[in-house]
Amino acid sequence: MDFVLVHLDWLDCHLSYLSDMSPSDEANMKHPHSSEIELDEPESFEPVLKGTAAGVLSPGVSRRSFVKSASAVGVGVAAGLPHLAVAQAAHEAAASATRRTDVSLSVNGKMHPLNLDTRTTLLDALREHMNLTGSKKGCDHGQCGACTVLLDGRRVNSCLTLAVSAAGAEVITVEGLAKGDELSLVQQAFLEHDGFQCGYCTPGQICSATALMEEAGKGQLSQVSWVSGNTIKPEITDAEIRERMSGNICRCGAYPNIVAAVRTALGKGASA
Ligand code: FES
Ligand code: FES
């Protein structure tokens, strides 16, 4: 807004200056490289205006009348700017106003009554408000899968899910997969096959693999199923596993061991 105001101010000053010039002043304003161009002659504008956007002006318009018209438009725009500034300020105030709401989230079988900014993501609600830090923040843009949790059994990127939208659903995080000291099948398989190095992506990988097993049990298809033509209760091959886990990125490149872990969890043996 400041940028626009400064430039309109500049334009207005210059247009006022030009419109206040006497004809003799204008006669002195010749093109630096051409003595033939007479800017105050109406005819000199015609070839320029024809065939251009500026051609909406009448062909016989003089530079003086053009400058005066433009100046009047500039003043009109400037007169409207205070209203624009007020509207802009009101918009910014509304955008920055915090709106909070009470919400109860069921996570790993336990209710969590919370009072949240309505813009809070499920990932931030888990990590910052429930102290469930198993779900990781990698990209915070839905691209890495480190934040994957299960929402009513379906895997979601919790960094792209508003916490308030999870009200009424059952959220399962990596902390909720084991039963006491008994690890889930997938967790156990990741341990057996060293399905991680730094471990940062691992909670998301494990949640994703848990949902994968559920999806495979229901005969749900992936892109690979269509490519292979195996569209009736597809066999979960390594290609299927890689495709179905492709939303979870591992910077350490532990993919071969992750595939082996998922195969084992599916009861298929560690290698094809
Ligand atoms: Fe959510 Fe990367 S942190 S997808
Ligand atoms: Fe390091 Fe996957 S184990 S990012």
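Rule-based calculations on the coordinates, nothing more; no lab input. As the structure is a computational prediction, the values presented were derived from the model and not from experiment. Every residue, glycine among them, receives a Cβ derived from its backbone with ideal geometry; neighbour counts consider all protein chains shown.
Taking every pair of alpha-carbon atoms in the stretch 104-176, what share in percent sits in each 10 Å bin, from 0 to the bin with the longest distance?
23, 62, 15
How high is the relative contact order of the stretch 179-272, given as a whole-number percent (alpha carbon pairs under 8 Å, six or more residues apart)?
Numbers: 94 pairs, mean separation 37.3, N = 94.
The normalised contact order for the stretch 179-272 reaches 40 percent.
Give the whole-number value, in cubic angstrom per residue, of the convex hull volume spanned by the C-alpha atoms of the stretch 213-272.
Values: hull volume 4.7 nm³, N = 60.
That works out to 79 Å³ per residue.
Using only Cα atoms, locate the centre of the stretch 236-265 and the centre of the stretch 153-191, then give the distance between them in Å, rounded to an integer.
18 Å
With label points built 7 Å along Cα→Cβ from the Cα atoms of ALA90 and ARG251, find their separation and express it in nm.
Distance between label points: 4.6 nm.
Stretch ASP152-SER228 to full length: gain in nm at 0.36 nm per residue minus the Cα-Cα span? If you can, show how the numbers build up before the last one.
Values: separation 76, 0.36 × 76 = 27.36 nm, distance 2.96 nm.
Using 0.36 nm per residue and subtracting the Cα-Cα distance, I get 24.4 nm.
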